[in-house]
There are 2 protein chains.
Amino acid sequence: MMHSPWSALFITLVYFTTLSTATPQNGISSQNTTRYLDASLSPAVRAQNLLDQMTWEPKVGQMGGVRRVVNPTKTFNRTLYESVRATQNGNIAPAANYGTALQAVEVFNPLKEEQINSSRLHIPYIQMTDSMNTFAGGSGTLFPGAITMGAAWNIPLYEKVVTALRDENRVFGTYWMMSPEIDLARELRGGRVGEMFGEGAYHAGSFGAQYVKTMQEKDERGYVRVATTIKHFVYGSNNGGVNMGSIDSGLNHIMNDLAAPFHKVIKEAKPLAIMASYSSVDRVPVHANECLLQDILRGTLGFDGLIMSDAMVESIQDAAVMALTAGIGLELSPTQPATFPTLLTLTNDPRIVKHVDAAVKKILEIKFATGLFEEPVPSIENLGKVLRKPAHLEANRNISRESIVLLQNDGLLPLRKTNTTKVAVLGPFAALINAGNYANVNSTDHTFGNRLTTSLKNYFGSPSVQFVRGCAINNTDDASEIPVAVQAAKDAGLAILMLGSLSTGNEDPLSLERTDGEFIAHADLGFPGLQQQLLDAVLDSGVPTILVLSGGQSFVLNNSTLRANAILHSWFAGEYTSDAIVEIVTGIVNPSGKLPISIPQHSGALPVYYDFLPSDNAGGFPGQSGFPASAWQFPILQREVPMPFGFGLSYTTFDISEPDVSSTNGSTTISTVVRNTGNVAGQEVVQVYYRKAITRIETPNKQLVGFEKIHLAPGESREVKFSIPKDELGYWVNTKWYAEGGNYTFWVGTSSRSQDLKNVTTIL
Amino acid sequence: MMHSPWSALFITLVYFTTLSTATPQNGISSQNTTRYLDASLSPAVRAQNLLDQMTWEPKVGQMGGVRRVVNPTKTFNRTLYESVRATQNGNIAPAANYGTALQAVEVFNPLKEEQINSSRLHIPYIQMTDSMNTFAGGSGTLFPGAITMGAAWNIPLYEKVVTALRDENRVFGTYWMMSPEIDLARELRGGRVGEMFGEGAYHAGSFGAQYVKTMQEKDERGYVRVATTIKHFVYGSNNGGVNMGSIDSGLNHIMNDLAAPFHKVIKEAKPLAIMASYSSVDRVPVHANECLLQDILRGTLGFDGLIMSDAMVESIQDAAVMALTAGIGLELSPTQPATFPTLLTLTNDPRIVKHVDAAVKKILEIKFATGLFEEPVPSIENLGKVLRKPAHLEANRNISRESIVLLQNDGLLPLRKTNTTKVAVLGPFAALINAGNYANVNSTDHTFGNRLTTSLKNYFGSPSVQFVRGCAINNTDDASEIPVAVQAAKDAGLAILMLGSLSTGNEDPLSLERTDGEFIAHADLGFPGLQQQLLDAVLDSGVPTILVLSGGQSFVLNNSTLRANAILHSWFAGEYTSDAIVEIVTGIVNPSGKLPISIPQHSGALPVYYDFLPSDNAGGFPGQSGFPASAWQFPILQREVPMPFGFGLSYTTFDISEPDVSSTNGSTTISTVVRNTGNVAGQEVVQVYYRKAITRIETPNKQLVGFEKIHLAPGESREVKFSIPKDELGYWVNTKWYAEGGNYTFWVGTSSRSQDLKNVTTIL
């Protein structure tokens, strides 16, 4: 238990008692001064009433918050806190900490109460945080990362996960998510891939829409349970994969690729906020990009919620004005000084005032919509009732099982317990929890979540399992552990190696071993440090070997690596990921994860997303050059990789019939019969792709337009139908959406690979 | 001597005798039917007169040609030729062949004469070809490739080269170049990098403008000596480096980067034609891209010459109409059927007729401007007077010497002849001429141009030089030669290894060993095949080693490679490149080449062009992450590479003083004093870069805006002045050019590296 340095801070809640003393402002009649407190009125009416009574400084204050200046596990710096709070006091945004939720609430509640009391109109902070798989409070359910859940390809299961995340966040006092991230992971060198759902617009958009719908679902009182922020508009094709790198893209590429999940989520789920990217797009920083934020986002995509900044690195008044007039209404400042407080001196500029009023109104609407004024400080006693509820843990176990992707298996898997007397578990990741830099967990703290070593010992019994690390994660030249690992493999007769790329928070003990996460780009998609050398040595020994990949990224699997008898990707871990790996390796669970991002064949053979344009696979004229038709000639590689988006193996086999197509006015139905032709029960992700034959601009070779995960017993078969609205089969030319009649091809199958698909053509 | 299969083809020249029988067409009065033959009239008037007399089929015929169907070293396929000529008869475009110019002229002249006679209005073919460093006839002067000459950074010397190329082409009968290629080599994985001058817009634009000015210089009769075609509008940032890959770029990226050399060359040199790229840009194929071809090229950049296609892969009438209406006036069809002959049935469509008339008029203007009607067939006897003139060979020797870039030297170079008794020359490229796929030379034919083995034997004497290939170029697993090579190195006590990446024509005996050239992309920028293994083995032996790179591309030099005592890049070879390597290695010539493209550090750490945007080097917040500020964190790499654009070593040292800046109304003068502070004479390329502090959009960290190569004796110093028009210091925001006042920084120095530059700031 942490000792709070500010028990003296605990201030009596004086909110309701002092409220009636508020002085009317801006000529508002006195009987109207309390309308914003009337919970029966709409958020818009309440927000306008409150706004009308606010002076300039509190308005500007709402556009920022006390962000990253309070960490419950660190000494509180009151001077810093007050210096920020003086001009940025709309929200409180806790940084991830490795303590408990209780510790955090005990720290944040007094600060929230103090803020209410010191604000003339008693406007509470709204608590905001990123939350894709856990929350900043600590000790909640630790789900696996976004990319991991994207690998489950199971939206109904994901809904249960988000319900759990929502309820744990709400009870902790977080009413506003700076999530979901719906950027497309098309640039595999970028360090934020693991924060995303994957490379496909329909796939990521489906997860994003579900997140927003579930989070923003209204409670019995009509309050939005938790507000959401879709982000980052637009991000993910950054130059060289560099984290803050520029994006060269033109409008058609933006609209059809980068913005496509935003289009889907805005249309289907109406998120209350959106975060602008910190990139520059076609040389114009998004924070100052009126074309993107006003013309496209507000105009073409019809978004009318709040636009907030991502970390703004500019700190001059010009930048604040540019961002404000481009449409930014809330600043997330990673460091001080922030930008928006420079607006304080511009109270006489009517254009600035108008923009500030519009922004603050949207912020206040979110505060009213979420019921913040009625419940500004969470009740500590509710924490224990909601955190880590059995339903949350069950959803977590299930999504962990369904997200592991079996990439290769020569028949070694599943292991039979009776045949397996000893296991050598090797590799630095077998003793860690690699949960990503947004997860609230210390990678080396063994009190929370099992490591692979633990899970294996739990299953096989401690004496049967020998762990040898083999090498450090990254920064090392010391190969002395490798022979020890090889000997352990030989002694056991079976090796399970867990290798990967680490992503942690800045304060993690292993943070300097990281090769993935925000602020990072990996020019090399191989294994860091001596890990490949360790793997090669184990494989050279001839011992049967199971390779488990760890990390929120894709890896190049070279020819040596592909010698492994079995390869699984486990992505960013949650607390049950290691258990799930053991369940899959031993056949207790039949793997059903599918790749949410493609596995490239070379760090220079990028990009390789499945929905490439036909010309992107065109080297030239094979008849003349003597080369086969391929994208790259040295080495000779196709754009369609052997392990693409949607690919993943099972312990059973599925047969998918030739699809049927039928069409009504508004939609097209694709149906197929799926049969489990193997000996064990299993789940398959049935995927539907399409392409229109003739289009006004170049369009991808195929695009995902539906998927469903189904469970089948051995021999069982089932018809699966996809009803696809015709309006979804469109594309943007500049800012116009074309969903036209003509020849279409639809494919159904078990991955995006040509050989895994069956097609039907039709005229719509 | 080849035996022509068609001596019976030689038809009496009946051009002038039959001419007066031409029948008036389109109501033109009979006295006007011969105006187009009046050389005293302008090309525009003559073209209009001829056009007025033409029927539909010959008009459409002018928009194509007999391309790639005549190769003087192959059997003539009369059926194929006639089938193409029936509808495509404006030009004859010889493919490169490995015969002699005389052979080629003897084949082409009769075909030209036949065409004149069979054309009712006696319209000659115009002969077109690519020509960056040689011509399609064979046996002319073989200059090194475009990237090689770009590495010389010497525009006055390049003028002499282009004069030679021009005069050799003209005497061979080629009046129209499908050159220069002024695309920027910013995507180092692309196979066409060696066809380009380099990665920098000002640098490539300077070479391109000189090419056009010299080629199109009028002769004493007022004829354009040779027409030019700048290409490819726009190309070079193709997705994944794939040859025909799409370009995602938005307008600001296109205008400020890809189109920047086109802007410069159009403004300064008025090329008569431009070739559209075969890429799609922001999903719209350039051949059908009215925005790029009409709004930007014609409107914003003011180009009013002919727009021709690059290889068009579409073959339907729709594509022809789209291309025509987008602005394409001449088709280069790589294969049959071509697209434009489908226009033949559209004679009643007034919009099509109008576009065809406009296109044909521009083609005819070029035919009249170049004096084709007065000299339609070259005189064979002039060939010998012009080809390989001493001035041409001298220019060739000089540019070969000046283009080799010394990348690393621990003091081993220059070798002293007296100390060098034996040399082992190793590597497959030491016995080849690697001239690029557009050069008219057989890589293994030792009768034309020296190989490194020959040049070394010529200098050191045959007995002192032992050649061991060491390994094949690419497709091999046979490492048996490596120990032989190592032994030769040990025996000699000195190794010169020539390694690289091969680019040849399709018909070269080694064409299947290629890893570079058009239609190729290299995902890996290391050495193909077993070459790295050969190099490592030689370096492991400890024998002093000089590594010579060969190829029209950049290479990743890994830590093992960097152990070499000296490294030189020799690029695409001309006939004197090997001699020049020996002259430099032995100190007869002091190296003065500078990199026209940067040397990357990893195949995944791309792009690395010098003029990156500041955000492209921004990983994040180093203070928080614990990482140094860099673009990539695994491995940790900066965007500014150790061997960037403009970098190259010398045997002497130069001191460059702090620059002075002065300014008049129209231009800014930057001056600096350069001193040779070493012991030998040498040349240095003084480079000027700039950056404006505050701009409307994100602009590069620095941009080249001037360079000059100067020669200095030991101890000599000289002031160098650069006069920079203020209008050049601008940038595009969409289609508007901004060259505004404000704070500017100028740097002068010997490379684009920060440590090689001195700066001055000024307010303009």
Exercise for review: Within the set of other residues whose C-beta is less than 13 Å from the C-beta of B:Ala564, count the net charge using Lys and Arg as +1 and Asp and Glu as -1.
Suggested key: -2
Practice item. Nearest 5 is fine: what % of DSSP beta bridges in chain A come out antiparallel, could you say? Key: 60 percent
Study note, to complete from the structure: Percent antiparallel among DSSP beta bridges confined to the protein assembly as shown, nearest 5, equals 60 percent
Review point. Per Stokes-Einstein, at 25 °C and 0.890 mPa s, what whole-number D in µm² s⁻¹ belongs to the protein assembly as shown, with the Kirkwood radius over Cα pairs as the hydrodynamic radius?
Key: 70 µm²/s
**Study point:** Residues whose placed amide H lies under 5 Å from that of A:Gly250, excluding near-sequence neighbours
**Key:** B:Ser249, B:Gly250
Exercise for review: For the stretch A:172-177, take each phi angle, set θ = phi - 60°, evaluate the Karplus expression 6.51 cos²θ - 1.76 cosθ + 1.60, and give the result in whole Hz per residue in order, putting x for glycine and proline.
Suggested key: 7, x, 8, 10, 8, 8
Review point. What is the distance in Å between the Cα centres of the stretch A:661-728 and the stretch A:62-105?
Key: 48 Å
Revision key, fill the gap. Exposure proxy check on A:Arg388, A:Arg189, A:Arg469: fewest-to-most Cβ neighbours within 10 Å is A:Arg388, A:Arg469, A:Arg189
Review point. Taking the mean number of other Cβ atoms within 10 Å as a proxy for protection, how do you rank B:473-485, A:151-163, B:582-594, A:211-223 from highest to lowest?
Key: B:582-594, A:151-163, A:211-223, B:473-485
Exercise for review: Please give the FRET efficiency for A:Asp491 paired with A:Ile588, using the beta carbon to beta carbon distance and R0 = 22 Å, rounded to the nearest 0.05.
Suggested key: 0.30
Review point. Amide H to amide H, which residues 5 or more places from A:Thr668 or on other chains are under 5 Å from it, using H placed in the peptide plane?
Key: A:Ile724, A:Lys726
Check your understanding: From the label point of A:Thr695, set 7 Å from Cα along Cα→Cβ, how far away are the matching label points in the other copies, in nm, ordered shortest to longest?
Key -> 3.3
**Study point:** Between the stretch B:209-234 and the stretch A:273-314, the alpha-carbon center distance in angstrom
**Key:** 46 Å
**Study point:** Ranking of A:Val748, A:Val284 by count of other Cβ atoms within 10 Å, fewest first
**Key:** A:Val284, A:Val748
Practice item. Output, in nm with one decimal and in ascending order, the distances from the A:Glu217 label point to the matching label points of the other copies (7 Å from Cα along Cα-to-Cβ). Key: 8.0
Check your understanding: In whole Å, what is the distance between the alpha-carbon centres of the stretch B:133-147 and the stretch A:556-596?
Key -> 56 Å
Check your understanding: With respect to the symmetry axis carrying chain A onto chain B, which residue of chain A exhibits the smallest Cβ distance to that axis, and what is the value in whole Å?
Key -> A:Gly250, 2
Check your understanding: Taking a temperature of 10 °C and a viscosity of 1.306 mPa s, what whole-number D in µm²/s does Stokes-Einstein yield for the stretch A:376-489 with Rh from Kirkwood over alpha carbon pairs?
Key -> 91 µm²/s
Practice item. Determine how many Å³ per residue the convex hull of the Cα atoms of chain B encloses. Key: 169 Å³
Revision key, fill the gap. Computed Rg/Rh for the stretch B:652-763 (Cα atoms; Rh = Kirkwood radius) stands at 1.03
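For chain B, what does the relative contact order come out to in percent, with C-alpha contacts under 8 Å and a separation of six or more?
For chain B, the relative contact order is 12 percent.
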Check your understanding: A:Ala629 versus B:Lys389, label points 7 Å from Cα toward the beta carbon: distance in nm?
Key -> 4.8 nm
Check your understanding: For the protein assembly as shown, what is the charge dipole size about the Cα centre, in debye to the nearest 20, if Lys and Arg each add +1 at the Cβ and Asp and Glu each add -1 at the Cβ?
Key -> 700 debye
Check your understanding: What is the set of long-range amide H partners of B:Leu568 at a cut-off below 5 Å, with H atoms built 1.01 Å from backbone N?
Key -> B:Leu407, B:Leu547, B:Val548, B:Leu549
**Study point:** HN-Hα J in Hz across the stretch A:638-643 - Karplus 6.51, -1.76, 1.60, θ = phi - 60°, x for Gly and Pro
**Key:** 8, 5, 7, 7, x, 10
Review point. Mind checking the dipole of chain B: about its Cα centre, +1 per Lys or Arg Cβ, -1 per Asp or Glu Cβ, Debye to the nearest 20?
Key: 900 debye
Point to revise | Label-point separation in nm, B:Ser379 to B:Ser671, each point 7 Å along Cα→Cβ | key: 5.1 nm
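What FRET efficiency would be calculated for the residue pair B:Asn32, B:Asn559, taking the C-beta separation as r and a Förster radius of 56 Å, to the nearest 0.05?
Numbers: r = 75 Å, r/R0 = 1.34.
So, using R0 = 56 Å, E works out to roughly 0.15.
Given a Förster distance of 22 angstrom, what is the FRET efficiency for B:Ser717 paired with B:Asp410, based on the Cβ-Cβ distance and rounded to 0.05?
Numbers: r = 28 Å, r/R0 = 1.27.
The computed FRET efficiency comes out at 0.20.
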Study note, to complete from the structure: Helix B:260-269: inclination vs chain B longest Cα principal axis, degrees, rounded to 10, gives 60 degrees
Check your understanding: For B:Thr515, A:Thr347, what ranking results if the residue with the fewest other Cβ atoms within 10 Å of its Cβ goes first?
Key -> A:Thr347, B:Thr515
Exercise for review: Compute the projected area of the convex hull of the Cα atoms of the stretch B:399-603, averaged over all viewing directions, and report it in nm² to one decimal place.
Suggested key: 10.5 nm²
Review point. So what's the net charge close to B:Ile697: Lys and Arg +1, Asp and Glu -1, counting the other residues with Cβ under 13 Å from its Cβ?
Key: -2
Point to revise | Local electrostatic count, B:Glu740, Cβ distance below 15 Å [Lys/Arg +1, Asp/Glu -1] | key: +3
Revision key, fill the gap. To the nearest 20 debye, the stretch B:652-763 has a Cα-centred charge dipole, built from +1 on Lys and Arg Cβ and -1 on Asp and Glu Cβ, of 280 debye
**Study point:** Between 0 and 90°, nearest 10: helix B:201-215 axis offset from chain B longest Cα axis
**Key:** 40 degrees
Review point. Taking the radius of gyration and the Kirkwood hydrodynamic radius from Cα positions alone, what is the Rg/Rh ratio for the stretch B:524-659, to two decimal places?
Key: 1.01
Point to revise | Inter-label distance, nm, simple model (7 Å from Cα along the C-beta direction), A:Ser662/B:Glu268 | key: 6.9 nm
Point to revise | Inter-copy label distances at B:Gln294 (7 Å, Cα→Cβ; nm, one decimal) | key: 2.9
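Rule-based calculations on the coordinates, nothing more; no lab input. This structure is a prediction, so every number in the text was calculated from the model and none was measured. Cβ sites come from the backbone with ideal geometry, for glycine too, and all protein chains shown count toward neighbours.
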